[in-house]
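A short write-up of the structure that comes next.
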Amino acid sequence: MNPHEISITVKTQYLAEQSDPDNRQFAFAYTVTIKNTGTASIQLIARHWFITDGENDVQEVRGLGVVGQQPLLRAGEQFEYTSWATLPTPAGTMRGEYFCVTEEAQFFQAPIPEFALVMPRTLH
């Protein structure tokens, strides 16, 4: 087993109340669960997102931690947080990476698989 290995899952939700389609603002919440599936304790230090809208315009977001935290996860522990993004189109994608460090000061990157942000369609 890899000493520094994490599992990342994402659930998304369209936020109709915070969206304004007439003004090209579509808001989405995403909940990320990060689980330490390795054998060493790890700390999430920073994030790097690629947010792509329906017109293939890409916005990059970098920053320390997630939602103001840099969680330390021991083997088997998990951390969950919810954040949000807005797009000028009703659909898009996000992907990225977390920058982490072990207690032994080994740095590594954990890829965040691409996930979709999609406004639900109403059938008439």
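At R0 = 22 Å, how high is the FRET efficiency between Thr31 and Glu77 if r is their beta carbon distance? Nearest 0.05 is fine.
The pair Thr31/Glu77 has a calculated efficiency of 0.80.
Report which label in [x] 69; [y] 59; [z] 63 holds the value of percent of Cα pairs over 16 Å apart derived from the coordinates of this structure.
The value matching this structure is [z].
What does the charge count around Ala116 come to, taking other residues whose C-beta lies under 14 Å from its C-beta (Lys +1, Arg +1, Asp -1, Glu -1)?
+1
Please state the relative contact order of the stretch 1-73 as a whole percent: Cα pairs under 8 Å, 6+ residues apart?
For the stretch 1-73, the relative contact order is 29 percent.
Taking only Cα atoms and a 10 Å spring cutoff, compute GNM fluctuations for the chain and point out the largest among Arg74, Arg24, Arg95.
Arg24
If Lys and Arg each add +1 and Asp and Glu each add -1, what is the summed charge of the other residues whose beta carbon sits under 14 Å from the beta carbon of Leu72?
-1
Using Cα-Cα distances under 8 Å and only pairs 6 or more residues apart, what relative contact order does the chain have, in percent?
Across the chain, relative contact order equals 29 percent.
Rounded to the nearest 20 Debye, what is the dipole magnitude of the chain about its Cα centre when Lys and Arg each give +1 and Asp and Glu each give -1 at the C-beta?
So the magnitude is around 180 debye.
Rule-based calculations on the coordinates, nothing more; no lab input. All figures in this text were calculated on a predicted structure; none of them were measured in a lab. Backbone-built Cβ (ideal geometry, glycine too); neighbour counts: all protein chains shown.
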